[in-house]
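The values are calculated or read from the model by the stated rules, or taken from the named source; none is laboratory data. Just so it is clear, the model here is predicted, and its values are computed rather than measured. Methodologically, a virtual Cβ is constructed for each residue, glycine included, from the backbone with ideal geometry; neighbour enumeration extends over all protein chains shown. SASA here: full protein model, heavy atoms, side chains in, ligands and nucleic acids out. Shrake-Rupley method; radii C 1.70, N 1.55, O 1.52, S 1.80 Å.
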There are 2 protein chains.
Amino acid sequence: MNIGDVARRTGLPAKTIRYYEDIGLVAPRRGANGYRSFGEAELHKLAFLGRARSLGFTIEDCRGLLELYEDKSRASADVKSIAREHLARIDAKISELTEMHRTLSHLVQECAGDGRPDCPILNDLAADAGSRDERTD
Amino acid sequence: MNIGDVARRTGLPAKTIRYYEDIGLVAPRRGANGYRSFGEAELHKLAFLGRARSLGFTIEDCRGLLELYEDKSRASADVKSIAREHLARIDAKISELTEMHRTLSHLVQECAGDGRPDCPILNDLAADAGSRDERTD
DNA sequence: TATAGACCTTCCACCAACTGGAAGGTCAAG
DNA sequence: CTTGACCTTCCAGTTGGTGGAAGGTCTATA
């Protein structure tokens, strides 16, 4: 299978597949013409990578997961541990974004959004940290 | 004021302040020794940038916000529009992360996490997209 | 057989928003 | 006069790719 077929079947861009080879996640054979030649195993690995990436695992997580995936005597605890750490990162990110959202949606609500220059959003950004928590509503 | 003082007073790393100068967000004067020399206005701008960045605005957003901040005849609608677009990006990111969280926490719950190799997390990652939505619980 | 167009190859540069570190100049205190 | 805390510039690396140029290959059709 050429890279274009693999790209179509996994949904990954060909560029990304080449990149994954570059960083050692897959190692397709080469045909006489120099073209990459992928087998079913390679295809599955790439689909696995695509799915793991879509769940937000980092490339290094993926490397670990792939290794466990191929190790038939793995302990599921090792997989679970990677997943749990990733889950914690997701939690942290969601909290951070939720806090930003809270603050910003409040400010947006307060802003008239008309032709006048007065703007609570800019006021907040310009205020020093100390005076920021004074609730005005 | 030298860069170190500004760093202490704004909470921004000196490296970041130099970077902001590089990309044209601030333009401190220079002393005879070549050191950057910051005035109060520069300090305020940097604090403004730090606050905007902490709310997740991109550097280009910040550039726009800073311009509006300095333009005393601005329309608050322009500020609100930048903020609203950013809010939409935050919303999208939260949704994406929440979906990842949902899927992953479900899988983590299902995984025994012991010494045995059988692992629902790896099973999910390895499954093709078609067979993934079959609920097992 | 020529040629068009769809493949494939490598390599280099770029994105955001910094961060780390090396090599070297400056300044104040003891 | 030296020590140590500053400051300077410049280069490279981070994450996870993406875009594009220059060029080789394959297949179908005229």
What FRET efficiency would be calculated for the residue pair B:LYS15, A:ARG84, taking the C-beta separation as r and a Förster radius of 22 Å, to the nearest 0.05?
0.10
Placing each pseudo-label 7 Å from Cα in the direction of the beta carbon, A:ARG53 and A:GLU99 end up separated by a distance in nanometres of 3.1
In vacuo Debye scattering of chain A, one point per C-alpha: log10 I(q)/I(0) at q = 0.09, 0.14 Å⁻¹?
-0.52, -0.75
Could you run the numbers on buried accessible area between A and B, total for both chains, 1.4 angstrom probe, in Å² to the nearest 100?
4200
List the distances, in nm to one decimal, from the label point of A:ASP128 to the label points of the same position in every other copy, shortest first, placing each label point 7 Å from Cα along the Cα-to-Cβ direction.
6.5
Can you list, shortest first in nanometers, how far A:ASP71 lies from the same residue in the other copies, with each label 7 Å from Cα toward Cβ?
5.8
Considering only protein heavy atoms and a probe of 1.4 Å, how much of the accessible area of chain B is carbon and sulfur, as a whole percent?
48
Kindly report the accessible area of the protein assembly as shown per residue (heavy atoms of protein chains, probe 1.4 Å, no ligands, DNA or RNA), in Å².
56
Based on the Kirkwood radius over alpha-carbon pairs, what value in µm²/s does the Stokes-Einstein equation return for the translational diffusion coefficient of the range A:75-137 at 37 °C and 0.692 mPa s?
223
Output row for B:LYS15: copy-to-copy label distances, label 7 Å along Cα→C-beta, ascending, in nanometres, one decimal, is 2.8
If you average the C-alpha positions of the range B:79-96 and of the range B:103-124 separately, how far apart do those two centres end up, in angstrom?
34
Classify the protein assembly as shown as rounded, prolate or oblate from the Cα gyration tensor: take a ≥ b ≥ c as the square roots of its eigenvalues, call it rounded if a/c is under 1.5, otherwise prolate when a/b beats b/c and oblate if not.
prolate
